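The structure appears right after this line, and notes come after that.
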Amino acid sequence: GNSVTQMEGPVTLSEEAFLTINCTYTATGYPSLFWYVQYPGEGLQLLLKATKADDKGSNKGFEATYRKETTSFHLEKGSVQVSDSAVYFCALSGAAGNKLTFGGGTRVLVKP
Amino acid sequence: GAVVSQHPSWVICKSGTSVKIECRSLDFQATTMFWYRQFPKQSLMLMATSNEGSKATYEQGVEKDKFLINHASLTLSTLTVTSAHPEDSSFYICSARDEFGDLYGYTFGSGTRLTVV
């Protein structure tokens with residue numbers, strides 16, 4: 001079946017530092033890949049997505065590239081802010097209408 | 001953009017009572033609704049998937065008689081936790097998928113924190 005593995009947190013950074021959260025996946029066919037962000041006490045918000053190999057998703061300074069050869073979708077941001085402190089989830093969907101498979105989540109704490 | 005309104009945002013109930021959580025898609029038709037449960041500092045666990053007008057499909061290990069899901073319209077789905085017990089205390093999140101599939105993707109509600117005392 002499908003699975004998503006992402007680096008465990010917490011990840012603690014200083015403001016303006018570079019952030020990378022690794023995500024690898026196992027899936028049959030050609031899944032769509034997502035990054036979601038969850039702020040304390042809230043639901044999930046879509047951060048970015050990519051639907052085919054070599055696509056780059058980007059939003060709010062975050063980027064991730066769909067790498068089929070390495071089955072990865074690593075999240076990066078060049079300069080984090082305190083407001084980026086949250087839990088980040090990597091996820092995939094196998095087909096239209098199919099359920100999302102989530103990674104375990106990575107908690108990020110950005111200190112001033 | 002697509003919005004899913006989830007209510008209540010938090011609820012405290014006594015053991016043995018039932019609690020209903022609602023999710024409404026405000027500006028699109030949610031043909032599929034997913035219900036998740038999240039324990040503290042953990043990932044989301046899919047409980048069930050429901051398509052409008054059909055019975056929900058429950059994941060293995062989820063008691064369908066305890067977690068009743070109704071998806072009677074394209075804009076409303078409900079999760080009822082029946083005869084709640086303290087071990088049902090958790091954060092419940094819904095997610096809706098629109099009729100076009102990838103137009104809006106998966107839109108999540110803001111979650112409901114249930115505490116059973």
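The values are calculated or read from the model by the stated rules, or taken from the named source; none is laboratory data. It should be emphasised that the depicted structure is a prediction, and the values quoted were computed from it without experimental measurement. Because the Cβ atoms are built from the backbone with ideal geometry, glycine has one as well, and the counts that use them run over all protein chains shown. For the accessible areas, the whole protein counts, side chains as well, though only heavy atoms, and no ligand, DNA or RNA atoms are used. Shrake-Rupley method; radii C 1.70, N 1.55, O 1.52, S 1.80 Å.
Worth pointing out:
- Global form of chain A, assessed from the alpha-carbon gyration tensor, a/c cut-off 1.5: prolate
- Around the amide H of residue B:89, modelled in the peptide plane, lie the amide H atoms of B:116, all under 5 Å away and 5 or more residues distant in sequence or on another chain.
- Dipole axis of the protein assembly as shown (+1 Lys, Arg; -1 Asp, Glu on Cβ), positive-most option in B:13, A:64, A:80: B:13
- What you get for the protein assembly as shown, charging only the Cβ of Lys and Arg (+1) and of Asp and Glu (-1), is a dipole of about 300 debye around the Cα centre.
- Among B:74, B:46, B:26: highest mean-square fluctuation, GNM of chain B, C-alpha pairs under 10 Å: B:26
- At a threshold of 50 Å², the residues of segment A:68-112 that become less accessible to a 1.4 Å probe in the full protein assembly than in their chain on its own are A:97, A:99, A:100, A:102.
- Counting charges near residue B:92 (Lys, Arg +1; Asp, Glu -1) among other residues having Cβ under 10 Å from its Cβ returns a value of +1.
- In the protein assembly as shown, a dipole from Cβ-located charges (positive for Lys and Arg, negative for Asp and Glu) runs towards its positive end, and of B:46, B:62, B:92 it is B:62 whose Cα lies farthest in that direction.
- Counting DSSP beta bridges with both ends in the protein assembly as shown, the antiparallel % (nearest 5): 90
- Structural descriptor for segment B:9-69: relative contact order 20 percent, calculated from alpha carbon pairs under 8 angstrom and at least 6 residues apart.
- In order along segment B:43-58, the phi-based Karplus estimate (6.51 cos²θ - 1.76 cosθ + 1.60, θ = phi - 60°) of 3J(HN,Hα) comes to 7, 7, 10, 5, 9, 6, 10, 10, 10, 3, x, 10, 6, 6, 9, 9 Hz; Gly and Pro are listed as x.
- Of the residues A:29, A:94, A:57, the one that moves most in a GNM of chain A with alpha-carbon contacts below 10 Å is A:29.
- Protein heavy-atom surface of segment A:53-112, 1.4 angstrom probe: 48% of the accessible area is carbon and sulfur, with nucleic acids and ligands not counted.
- In summary, the convex hull built on the alpha carbon positions of chain B has an orientation-averaged projected area of 6.8 nm².
- The charge dipole of chain A, taken about its Cα centre with unit charges on the Cβ atoms of Lys, Arg (+1), Asp and Glu (-1) only, comes to about 260 debye.
- Whether segment A:1-59 is rounded, prolate or oblate, judged on the alpha carbon gyration tensor where a/c under 1.5 counts as rounded: prolate
- Across segment B:43-91, C-alpha contacts under 8 Å between residues 6 or more apart give a mean separation that, scaled by the residue count, equals a relative contact order of 27 percent.
- In chain B, Cα pairs under 8 Å separated by at least six residues give a relative contact order of 37 percent.
- Across segment B:23-34, rounded Karplus estimates of 3J(HN,Hα) from the backbone phi angles (6.51 cos²θ - 1.76 cosθ + 1.60, θ = phi - 60°) give 10, 10, 8, 8, 9, 7, 9, 8, 6, 10, 10, 10 Hz, Gly and Pro being marked x.
- Filter on B:14/B:64; A:49/B:64; A:52/A:77; A:52/B:20; A:99/B:64 - keep pairs with C-alpha separation over 30 Å: A:49/B:64; A:52/B:20
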